[in-house]
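Since the structure comes first, as structure tokens, the remarks are kept for the end.
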Amino acid sequence: GIKYGQLYCLNPDTGAIIGNTSVIANQGWVGLSSTAAVTEDTVWINSLQPETRLYGYSLDLKEEKYNISLPNATGSMYSSPSLSVDETVIYVPSNGGVEAYSTSTGEKLWVADFGLTYANKYQPSTPVYSNNVLYFTDGKSQLFAVNAETGEKIWNVSCKVAGKSTPAVTDSKI
């Protein structure tokens, strides 16, 4: 639904529409600009236009459960939200770094601001959760490790690779 600013829930056997959202953003490619993250009962999606927001919908997309303003996220919405393993926290890339929200209340839990802004081409990638650590890149060759419970930076290193890529994490390797 990116072009028309809507999400659709389809029957996998027939392709029939089960439900869909109203128009979230009708700004073409800048409207719905991320891949959805799905918990047991909620579909989460970023929207860049007309205002930067994090939406949470019922699985059939018929009910809007959360509508969270993300004023610090402009430019980073081209990255997708990600979830903690127990699906209780959703991590959202933002101008500055990453923000964490409760998936049960929508409450902001913390903000990790490292000065990564769209204006200076340092917007963060989709964060990857592993063993209570979030890993993400900044578009300017830095890889960050952040404590997933507190948002505190553990470390960052130069990767000497240009571009914003989502890190791959497996076992004890990044």
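The values are calculated or read from the model by the stated rules, or taken from the named source; none is laboratory data. Predicted, not measured: the structure shown is a model, and the values here were computed from it. Cβ atoms come from the backbone with ideal geometry, glycine included; neighbour counts cover every protein chain shown. Heads up: the accessible areas ignore ligands, DNA and RNA and are worked out on the full protein's heavy atoms, side chains in. Shrake-Rupley method; radii C 1.70, N 1.55, O 1.52, S 1.80 Å.
Details
- Apart from one condition, Ser158 fits all of (1) surrounded by 10 or more Cβ atoms within 10 Å (Cβ to Cβ); (2) without any contact (Cβ under 8 Å) to a residue 60 or more places away in the chain; the exception is (1).
- Those residues of segment 110-125 which are open to solvent by less than 30 Å² (accessible area, probe 1.4 Å) and modelled with pLDDT of 80 or more, in sequence order: Trp110, Ala112, Ser125
- Per-region count, segment 128-152, residues in contact (Cβ under 8 Å) with a residue 24 or more places away in the chain and loosely packed, with under 15 Cβ neighbours inside 10 Å: 2
- Screening Asp138 against (1) in contact with a Leu (Cβ under 6 Å, 6 or more places away or on another chain); (2) at pLDDT 90 or above leaves a single unmet condition, (2).
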